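The values are calculated or read from the model by the stated rules, or taken from the named source; none is laboratory data. On a predicted model such as this, the values are computed, not experimentally measured, just so you know. In this analysis, Cβ positions are derived from the backbone assuming ideal geometry, glycine residues included, and neighbour counts consider all displayed protein chains. Just the protein is used for accessible areas: all its heavy atoms, side chains included, with ligands, DNA and RNA removed. Shrake-Rupley method; radii C 1.70, N 1.55, O 1.52, S 1.80 Å.
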Amino acid sequence: MSLELLRSTCGALSATVSDLAPEEAWQPSGCAGWAVLDLTLHLVDDARRGLVALATPAGGPPTTDAVAYWRSWQPTAEQDADTAWRTRVRASATTGLPELAPVYAELVAAVGVAAGRARPDELLGTQGWVLRPDDLLSTLAVEAAVHHLDLVAHLDRPGPPAEALAEVRRVLEGLYGGPLPAGWDDATAARRGTGREPLTDADRAGLGEAAARFPLFG
């Protein structure tokens, strides 16, 4: 399941990136302070990291999984600002979306091939963690799905596949330790669960003290 999920999620995102017009590069994204071009460069970095991880065997036992991986992803406001600044500097040095879109498409295709060659019983390393291939593929799909929502937040483009948003919800509910509000569709769960959309007064009343735990990851 994770291989098909990764390929469909990243394939849809790559198709959307490839469809962007050059003049849309400086449109805002759903990541605070990031333009579409900044986010696209970040997507290239994500895909490159995934490709490296799939070629990085690691000794066991696993130190994280598809849900626990995200518990450590809680950057501070200062860290977010530093990452945004560095990304903007690097993105500004490119020739724009016509340069980055084909690079991202190549990397996504390579990740799909490498993922198909991974053995279910092997262990892989990324960012200091050791995890199984299915768990790694889930983290890559979740990140791609959330960033797909970011990419189209202010553009007239389709969002991520339904199965990708369902995986984001599954991970968020794993972090939360139970079901998220039934009134949230999967896209809303992804945005509110990651802090991209604020909780409403009704959300806070329904969640009670648990509202303080949001965002579940950044």
Max mean-square fluctuation residue, GNM over the chain, Cα-Cα springs under 10 Å, options GLN27, GLN79, GLN127:
GLN127
Leaving out ligands, DNA and RNA, what percent of the accessible area of the chain is carbon and sulfur, probe 1.4 Å?
56 percent
Average Cα contact separation per residue, segment 32-135, under 8 Å, 6 or more apart, as relative contact order %
50 percent
Net charge within 13 Å of LEU124 by Cβ-Cβ distance, Lys/Arg positive one each and Asp/Glu negative one each, not counting LEU124 itself?
-1
With a/c under 1.5 counting as rounded, go ahead and sort segment 83-166 into rounded, prolate or oblate using the C-alpha gyration tensor (a ≥ b ≥ c being the square roots of the eigenvalues; past the cut-off, prolate if a/b is larger than b/c, else oblate).
prolate
Could you work out the relative contact order of the chain? I mean the mean sequence separation of Cα pairs under 8 Å and 6+ apart, divided by the number of residues, in percent.
30 percent
Nearest 500 deg cm²/dmol is fine: what mean residue ellipticity at 222 nm does the chain get from its DSSP H runs of n ≥ 4 alone, each adding -39,500 (n - 2.57), divided by its residue count?
-18500 deg cm²/dmol
Debye calculation, C-alpha points only, no solvent: report log10 I(q)/I(0) for the chain at q = 0.12, 0.13, 0.14 Å⁻¹, in the same order as the q values.
-0.63, -0.75, -0.87
Per 5 Å bin, what percent of the C-alpha pairs of segment 1-61 does each bin hold, from zero upward?
4, 15, 19, 23, 16, 11, 7, 3, 2, 0
Note on segment 131-192: C-alpha Rg/Rh, Kirkwood Rh, two decimals, gives 0.99
Shape call, segment 1-125: gyration tensor on alpha carbons, a/c limit 1.5
oblate
At 25 °C and 0.890 mPa s, grab the translational diffusion coefficient of segment 115-154 from Stokes-Einstein with a Kirkwood Rh over Cα pairs, rounded to a whole number in µm² per second.
215 µm²/s
Solvent-accessible area per residue for the chain at a 1.4 Å probe radius, Å²?
47 Å²
Work out Dmax and Rg for segment 53-128 from the C-alpha atoms and quote the Rg first, both in angstrom.
16.4, 43
Using only Cα atoms, locate the centre of segment 64-80 and the centre of segment 163-198, then give the distance between them in Å, rounded to an integer.
16 Å
In whole Hz, what ³J(HN,Hα) sequence does segment 202-218 give by Karplus (6.51, -1.76, 1.60; θ = phi - 60°), x for Gly and Pro?
5, 4, 5, 5, x, 7, x, 4, 5, 4, 5, 7, 8, x, 6, 7, x
Positive-end extreme of charge dipole, the chain - chosen from THR83, VAL130, TRP184 (charges on Cβ)
VAL130
